[in-house]
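Participant: Let me begin by handing over the structure; questions about it come next.
The values are calculated or read from the model by the stated rules, or taken from the named source; none is laboratory data. Everything numeric in this text was worked out from a predicted model, so none of it was measured. Because the Cβ atoms are built from the backbone with ideal geometry, glycine has one as well, and the counts that use them run over all protein chains shown.
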Amino acid sequence: MTIAQEIKQEDLVAAKAYVDEVYELVKKRNPGESEFHQAVKEIFDSLIPVFAKHPKYKENAILERISEPERIITFRVPWMDDEGKVQVNRGFRVQFNSAIGPYKGGLRFHPSVNASIIKFLGFEQIFKNSLTGQWIGGGKGGSDFDPKGKSDAEVMRFTQSFMTELNKYIGPDEDVPAGDIGVGGREIGFMFGQYKRIRGGYPAGVLTGKGVGYGGSLARTEATGYGCVYFVNEMLQDQGMSFKDSTVVVSGSGNVSIYAIKKAQELGAKVVACSDSNGYIYDKNGIDLKTVVQLKEVERKRIKEYLKAHPHAEYFEGCEGIWTIPCDIALPCATQNEINEESAKILVANGVKAIGEGANMPSTLEAIEVFLNNKVLFGPAKAANAGGVATSALEMVQNSMRLSWTFEEVDAKLHEIMKNIYRNSVRAANEYGYPGNLVVGSNIAGFIRVADAMLAQGVI
Ligand code: NDP
């Protein structure tokens, strides 16, 4: 008998009423934070059978506690631009939950960053980190600073000012930030330098995503994109399918996208489109990844320029249109809410078979419903993109041991972790009566580990 068969109908009804009540409380306590509400709603709804089965979680107010960050820090980040003008940005760090380890989660530098976005990302991070099976709690941070168009010197002055304040709250055993949108190797390097200068010693484990020459892990750069493809590959193989000879569309052209494209191509797929925040390119012959890497990672130019090297390709302004391209597999790897209900319906009508969320919350709740209702294989972000943070945790392990593993060793561990996340999510979905629904499965598997640790640690 599965857990689902043991649950009584009246307990489900009562659990739903309780979960709805706490959700209303979260909305009231965090007014106007729509992205945070969306992330909470998705997770809360999938936990209803867990609350129906285990009254101990309600009795100990786990839901009320887990949706309230342990600590939120906001701070002023003043810096001087190249013209000598003083600029002011806002910095954030949300330390959401430390039940299973030090806070861990990236820093995002993007003009859209606000409390709602950082809280949604931090909340998701709790469950994602739990799914990896490692000892890492949930956190997230960033700033409304826009690195686009800034000189290296401006980025350095900004990141140094940012770290001058943030250093008071982080440390290798307390809180370990990493990259996210707008924060790559260059920014992590500047921030590590400033942290070291202020705090002294060589605290390698305070940040992950460092350069491999000074404490970074091989395969960390590739990990989120590779991990996403490994996860989707598990979903496909379970249904007798594979990447080989499939047509793939990947949104974005940043860190996650580039390595998702690389691994998908290695597995025999033809990736026909990618994008940036201005528009997307379609190359029916298959994207030439070398050109994309040169444009986005070296020259920091717009994706439109791809056409200079490949005049047969096409460029379209705007981002949403990318989902009208017929494909077997779609990997949204740019940003939140980039696939809405309408785009999801178009993808389904064009015969999409699998979605792997490389970005965080790229599909709206309505879009997810369309995919699930149409039996599209759906790999939700917190499972499919967990490879990045999992490899960050492997970087922490190497830093503690003061040694470096080879690329192959790290990649093999990443691959195994992604397989485990898939298996655990499938198992939880089956046990709780939602076979094939990895949204529910990953939320439940991630939640139970954290909730049990919170129970064990008392009312804190
Ligand atoms: P990058 O900054 O390297 O790349 C982001 C890409 O998405 C760029 O191509 C960017 O275009 C595009 N983009 C950003 N904002 C928007 C927008 N509003 N509309 C359309 N396109 C946009 O970031 P990452 O690749 O690191 O992160 C991408 C996603 O993956 C994020 O959701 C992030 O939270 C998630 N993620 C990242 C992890 C990591 O290890 N890096 C780990 C887990 C999740 P442009 O060049 O024009 O800015």
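Participant: Would you confirm whether or not region 20-34 contains a residue that is in contact with a His (Cβ under 9 Å, 6 or more places away or on another chain), part of a loop (DSSP other than H, G, I, E, B) and crowded, with 16+ Cβ neighbours inside 10 Å? Reasoning before the result, please.
Facilitator: From region 20-34, those in contact with a His (Cβ under 9 Å, 6 or more places away or on another chain) are 23, 26-27, 30; that's our starting set.
Restricting the remaining residues to those that are part of a loop (DSSP other than H, G, I, E, B) gives 30.
Filter once more, keeping what is crowded, with 16+ Cβ neighbours inside 10 Å: 30.
Yes, there is a match, as at least one residue in region 20-34 is in contact with a His (Cβ under 9 Å, 6 or more places away or on another chain), part of a loop (DSSP other than H, G, I, E, B) and crowded, with 16+ Cβ neighbours inside 10 Å.
Participant: Please determine, by comparing only the residues of region 217-259 that are on the phi > 0 side of the Ramachandran plot and within 15 Å of the ligand (Cβ to nearest atom), which one is nearest to the chain's Cα centre (by Cα).
Facilitator: Initially, region 217-259 is screened for residues on the phi > 0 side of the Ramachandran plot, giving 219, 240, 245, 252.
Now drop any that are not within 15 Å of the ligand (Cβ to nearest atom), which leaves 219, 252.
Values: Ala219: 17, Gly252: 14 Å.
Residue satisfying both the conditions and the ranking: Gly252.
Participant: Would you be able to say whether some residue in region 46-59 is more than 27 Å from Thr391 (Cα to Cα) and either outside any helix (DSSP H, G or I) or at pLDDT below 95 (or both)?
Facilitator: Yes, there is a match, as at least one residue in region 46-59 is more than 27 Å from Thr391 (Cα to Cα) and either outside any helix (DSSP H, G or I) or at pLDDT below 95 (or both).
Participant: Sticking with this one: Taking the condition of being away from the ligand (no atom under 16 Å from the Cβ) and either among the hydroxyl-bearing types (Ser, Thr, Tyr) or not in a helix (DSSP H, G or I) (or both), how many residues in region 329-353 meet it? Spell out how you get there, then give the answer.
Facilitator: Let us first name the residues in region 329-353 that are away from the ligand (no atom under 16 Å from the Cβ), namely 329, 341-342, 344-353.
Restricting the remaining residues to those that are either among the hydroxyl-bearing types (Ser, Thr, Tyr) or not in a helix (DSSP H, G or I) (or both) gives 329, 350-353.
So the answer is 5.
Participant: Here is a further query. Assuming Ser151 fulfils every condition listed in (1) in contact (Cβ under 8 Å) with a residue 60 or more places away in the chain; (2) crowded, with 17+ Cβ neighbours inside 10 Å; (3) polar (S, T, N, Q); (4) away from the ligand (no atom under 16 Å from the Cβ) apart from one, which condition is it?
Facilitator: (2)
Participant: Also, I was wondering about something else. Check Leu107, Leu121 and return the single one that is within 17 Å of Phe36 (Cα to Cα), in contact with a Ser or Thr (Cβ under 9 Å, 6 or more places away or on another chain), in contact (Cβ under 8 Å) with a residue 24 or more places away in the chain and among the aliphatic types (A, V, I, L, M). Can you show your working first?
Facilitator: Details: Leu121 fails: in contact with a Ser or Thr (Cβ under 9 Å, 6 or more places away or on another chain).
Criteria check complete, one pass: Leu107.
Participant: Assuming Ala428 fulfils every condition listed in (1) more than 24 Å from Ile339 (Cα to Cα); (2) surrounded by fewer than 20 Cβ atoms within 10 Å (Cβ to Cβ); (3) free of Cβ contacts under 8 Å to residues at least 60 places away in the same chain apart from one, which condition is it?
Facilitator: That leaves (2) as the condition not met.
Participant: Being near the ligand (Cβ under 10 Å from one of its atoms) and either within 22 Å of Asp173 (Cβ to Cβ) or among the β-branched types (Val, Ile, Thr) (or both) is the filter here; which residues of region 106-120 pass it?
Facilitator: Listed by number, the residues that qualify are Gly106, Ile117.
Participant: Quick test of your reading of the structure: Ala4 fulfils all but one of (1) part of a helix (DSSP H, G or I); (2) of a type in the set (A, V, I, L, M); (3) modelled with pLDDT of 95 or more; (4) touching a helix residue (DSSP H, G or I) at 6+ places or on another chain (Cβ under 8 Å). Name the failing condition by number.
Facilitator: (3)
Participant: Among the residues of region 190-233, count how many are more than 22 Å from Met401 (Cβ to Cβ) and surrounded by fewer than 21 Cβ atoms within 10 Å (Cβ to Cβ).
Facilitator: Matching residues across region 190-233 total 5.
Participant: Looking only at residues in region 354-363 that are among the small types (Gly, Ala, Ser) and assigned to a strand (DSSP E or B), which one is farthest from the ligand (Cβ to nearest atom)? Even if it seems obvious, please write down each step before you answer.
Facilitator: Restricting attention to region 354-363, the residues satisfying the condition of being among the small types (Gly, Ala, Ser) are 354, 356, 358-359, 363.
If we keep only those that are assigned to a strand (DSSP E or B) too, we end up with 354, 356, 363.
Numbers: Ala354: 18, Gly356: 12, Ser363: 12 Å.
My answer is Ala354.
Participant: Also, I was wondering about something else. So is Arg186 within 16 Å of the ligand (Cβ to nearest atom), among the charged types (D, E, K, R) and either part of a helix (DSSP H, G or I) or crowded, with 18+ Cβ neighbours inside 10 Å (or both) or not?
Facilitator: Numbers: within 16 Å of the ligand (Cβ to nearest atom): yes; among the charged types (D, E, K, R): yes; either part of a helix (DSSP H, G or I) or crowded, with 18+ Cβ neighbours inside 10 Å (or both): yes.
In short, yes.
Participant: Inspect region 401-410 for any residue being within 20 Å of Phe231 (Cβ to Cβ), part of a strand (DSSP E or B) and away from the ligand (no atom under 16 Å from the Cβ) and give the result as yes or no.
Facilitator: no
Participant: Mind listing whichever residues of region 304-343 are in contact (Cβ under 8 Å) with a residue 40 or more places away in the chain and farther than 20 Å from Ala359 by Cβ?
Facilitator: Across region 304-343, the qualifying residue is only Pro326.
Participant: Continuing with the same structure: Name the residues in region 364-400 that are in a helix (DSSP H, G or I), among the hydroxyl-bearing types (Ser, Thr, Tyr) and within 16 Å of the ligand (Cβ to nearest atom), would you?
Facilitator: Of everything in region 364-400, those that are in a helix (DSSP H, G or I), among the hydroxyl-bearing types (Ser, Thr, Tyr) and within 16 Å of the ligand (Cβ to nearest atom) turn out to be Thr391, Ser392.
Participant: Does region 420-430 contain any residue that is touching a Ser or Thr at 6+ places or on another chain (Cβ under 6 Å), of a type in the set (D, E, K, R) and closer than 23 Å to Leu236 by Cα? Write out each step before concluding.
Facilitator: Our first condition is that a residue be touching a Ser or Thr at 6+ places or on another chain (Cβ under 6 Å); within region 420-430, this holds for 425.
Narrowing further to those that are of a type in the set (D, E, K, R): none.
Looking for residues that are touching a Ser or Thr at 6+ places or on another chain (Cβ under 6 Å), of a type in the set (D, E, K, R) and closer than 23 Å to Leu236 by Cα, one finds none in region 420-430, hence no.
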